[in-house]
Amino acid sequence: MILQEVKPVKPQSLVVNDFGVFVGKKSERVVLKKDSEVIKEVPFFNLKEILISGRGVSFSSDVIKECAKAGIQIDFVSCRGKLPRGSRLTAVS
């Protein structure tokens, strides 16, 4: 029997930059939907932050609550010209 080493998954940033995307929660995953179609699913344990860089993105309160519990940042960023601007949503659970 050959045993393979299991490498830990490095937490990643989830970037949402498309108009009309809904960020929801299904079980232990963040689910991105557009026009009622699932376009991406990411387990919460794989996330370090959700970065919103587009307009017209909506969230469920369940995602915000789960991110607060898991210490996952939600950052809103926009660029006008060459000067980036942003804000961070921080919740206390």
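The values are calculated or read from the model by the stated rules, or taken from the named source; none is laboratory data. All of these numbers come straight from a predicted model, not from anything done at the bench. Please note: Cβ atoms are built from the backbone with ideal geometry, for glycine as well, and neighbour counts cover all protein chains shown. Areas reflect the complete protein model, heavy atoms only, side chains present, ligands, DNA and RNA absent. Shrake-Rupley method; radii C 1.70, N 1.55, O 1.52, S 1.80 Å.
Select from region 42-61 the residues that are open to solvent by 70 Å² or more (accessible area, probe 1.4 Å), closer than 17 Å to Gln73 by Cα and not small (Gly, Ala, Ser) and list them in ascending order.
Phe45, Lys48, listed by residue number.
Looking only at residues that are closer than 15 Å to Ala70 by Cβ and at pLDDT 95 or above in region 1-25, which one is most open to solvent (accessible area, probe 1.4 Å)?
Applying the filter and picking the extreme gives Lys25.
Among the residues of region 61-77, write down those that are at pLDDT 90 or above, hydrophobic (A, V, I, L, M, F, W, C) and farther than 15 Å from Asn46 by Cα.
Listed by number, the list holds a single entry, Ile64.
Note down all Cβ pairs under 8 Å where the first residue falls in region 43-67 and is part of a strand (DSSP E or B), the second is of a type in the set (Gly, Ala, Ser), and they're at least six residues apart or on different chains.
That search, which allows pairs on different chains as well, returns Leu47/Ser13; Leu47/Ala70; Lys48/Ser13; Glu49/Ser13; Ile50/Ser13; Leu51/Ser13; Phe59/Gly24.
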